[in-house]
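Q: Please see the structure below; I have some questions.
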Amino acid sequence: MRTDDSDLVENSKRGDLDSFNELVERYQKMAYNLALRMLGDPGAAEDATQDALFSAWKNIKGMRGGNFRAWLLRITANGCRDQLRRLKRRPSIPLESLPFEPQAPPTSESPEDYVLRREVQAQIQEGLASLPSEQRLAVILCDIQGLSYEEIASVMKCSIGTVKSRISRGRGQLRDYLLHTGNF
Amino acid sequence: MWNKLAGLRKDDCGRTKQRLSAYLDRRLSPEDQRRVEQHLADCRGCQEELHSLEATVALLHRLPQVSPSRSFRIARTEPSRRWTPVPALRLATVGAAMLLIMAFTADLTNFFDASQSPIDQKWGPSYTDNRSTAMEGYNKADAGTLTPGDGQEPGLPSDGALGSTEAAWVRPLVYGLAGLVVVLGGVTAWLWLRPKRPPKHRAA
């Protein structure tokens, strides 16, 4: 039987590491993917995810509200922002180093289609990297992670109107980038 | 009049384009939704804009969720029992610093010389007391051995006055303690600030 997040959070607040690790199992992939799309580098994304989860464990007693997922994603996003600020660069990643998928194409897909799909994914990643960090975060949370506008507002600590605006501008800018690079 | 109508249409296109993203997500009010749909029915440019935006969102939706290469579970570990010199060094630094302050304060307030008169400070406390005894000894002893006027008064203790002995050990004490504080503090700071290995309990 699957335990509620809120129960696991309450147990974690009392110092139950097993409960916290259950939450880790549930959300580590989501946190990692957010960091990966924000930073564009698998190694940096792993470090950011590890730091975020460790920070969450240390500070879970101070967590307010019941949405652990939004809280964890906020910590992860803050860590990514700090890292980007430190690096003072936009994330960029060469296509060859993208270990996002298995190296061999799935049997249902021809090698040509596989290469094409990988190229498009790399273009999207580059397009995301060209967005300002707040717009990038909003687009990732909405269109890749599938969060609602309310959850995104909670993660980004801003109003729904600001979320709408950031998503709209981010999508528009990404669309322009893809048009410019000949993907449409 | 045609210009005015064209301007109105342009404004309408601008407003619609701003709302297309929220329209895709069905986050517009029913009234705004209806307005956008009405405009889209007549405007080819905004239709194209909507289609390209839909294609962008579809591409984003198709991006795979990547599995991390390892688990990020927090491991349960006992607190490290490995001995580290930092606490002991910190304590030693604090102790040495306190001793230094005490010695420095005592030196400033002449604590070590407080019981001596100016004469004692110059000649030593035994000078006035022993002068008569020394003179008697001078009369009795070999005059060639104890010669007045050779730069040393009769009765002056040959190992130096007590006052000058105190001054001689107080200064080295203060300087020694200051050096000790600097060395201990430096070593402690270096141990404290040097790159640390990541905590063991971070990774599972």
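Q: Under 11 Å from the Cβ of B:H51, count the other residues' Cβ atoms, weight Lys and Arg +1, Asp and Glu -1, and hand me the total.
A: -1
Q: Counting each DSSP H run of 4 or more residues in chain A as -39500 (n - 2.57), what helix-only mean residue ellipticity at 222 nm follows after dividing by all residues, to the nearest 500 deg cm²/dmol?
A: -22500 deg cm²/dmol
Q: Which residue, A:S55, A:S133, A:S108, tops the fluctuation ranking in a GNM of chain A built on C-alpha contacts under 10 Å?
A: Among A:S55, A:S133, A:S108, the largest GNM mean-square fluctuation belongs to A:S108.
Q: Also, quick follow-up: Would you mind working out the magnitude of the charge dipole of chain A relative to its Cα centre, with +1 at each Lys and Arg C-beta and -1 at each Asp and Glu C-beta, to the nearest 20 Debye? Each step should come with its number before you reach the end.
A: Working: 26 positive and 25 negative charges, 210 e Å.
I would put it at about 1000 debye.
Q: Quick one: if you take sqrt(5λ) for each eigenvalue of the C-alpha gyration tensor of the stretch A:5-180, what semi-axes come out, biggest first, whole angstrom?
A: Computed over the stretch A:5-180, the values are 30, 20, 15 Å.
Q: Average the reciprocal distances over every distinct pair of alpha-carbons in the stretch B:31-75, invert the result, and give the Kirkwood radius in Å. Numbers along the way, then the final one.
A: Values: mean 1/r = 0.0722 Å⁻¹.
By the Kirkwood definition, the hydrodynamic radius is 13.9 Å.
Q: Compute the distance from the alpha-carbon center of the stretch A:110-184 to that of the stretch A:2-22, in whole Å.
A: Rounded to whole Å, the Cα centres lie 32 Å apart.
Q: Any chance you could give the angle, 0 to 90 degrees and rounded to 10, that helix A:160-180 forms with the longest Cα principal axis of chain A?
A: The two axes meet at around 20 degrees.
Q: From the alpha carbon gyration tensor of the stretch B:2-62, can you work out the equivalent ellipsoid semi-axes (sqrt of 5 times each eigenvalue) and give them in Å, largest to smallest?
A: Each semi-axis is √(5λ); the values are 23, 14, 8 Å.
Q: Given the Cα-Cα distance of A:S148 and A:R81 and 0.36 nm per residue of separation, how much length would full extension add, in nm?
A: 22.0 nm
Q: What is the average number of partner chain Cβ atoms found within 10 Å of a Cβ in A:167-178? Mind showing how you got there, number by number?
A: Details: counts 6, 10, 2, 3, 10, 8, 1, 5, 9, 2, 1, 4.
Shielding by partners across A:167-178 averages 5.
Q: Moving to a separate point now. Can you sort B:F72, B:F104 from fewest to most other Cβ atoms within 10 Å of each residue's own Cβ?
A: If I rank by nearby Cβ atoms, fewest first, I get B:F104, B:F72.
Q: With Cβ to Cβ distances under 14 Å as the rule, what net charge do the other residues near A:R69 carry (K, R +1; D, E -1)?
A: Overall, the nearby charge balance is -3.
Q: Oh, and also: So for the pair A:S133, A:D7, with labels modelled 7 Å out along Cα→Cβ, what separation do we get in nm?
A: Label-label distance for A:S133 and A:D7, simple model: 3.9 nm.
Read the figures in this text as sums done on the coordinates, not as results from a lab. Fair warning: this is a prediction, and the values are worked out from it, not measured in the lab. Reconstructed Cβ throughout: ideal geometry from the backbone, glycine too, with neighbour counts over all protein chains shown.
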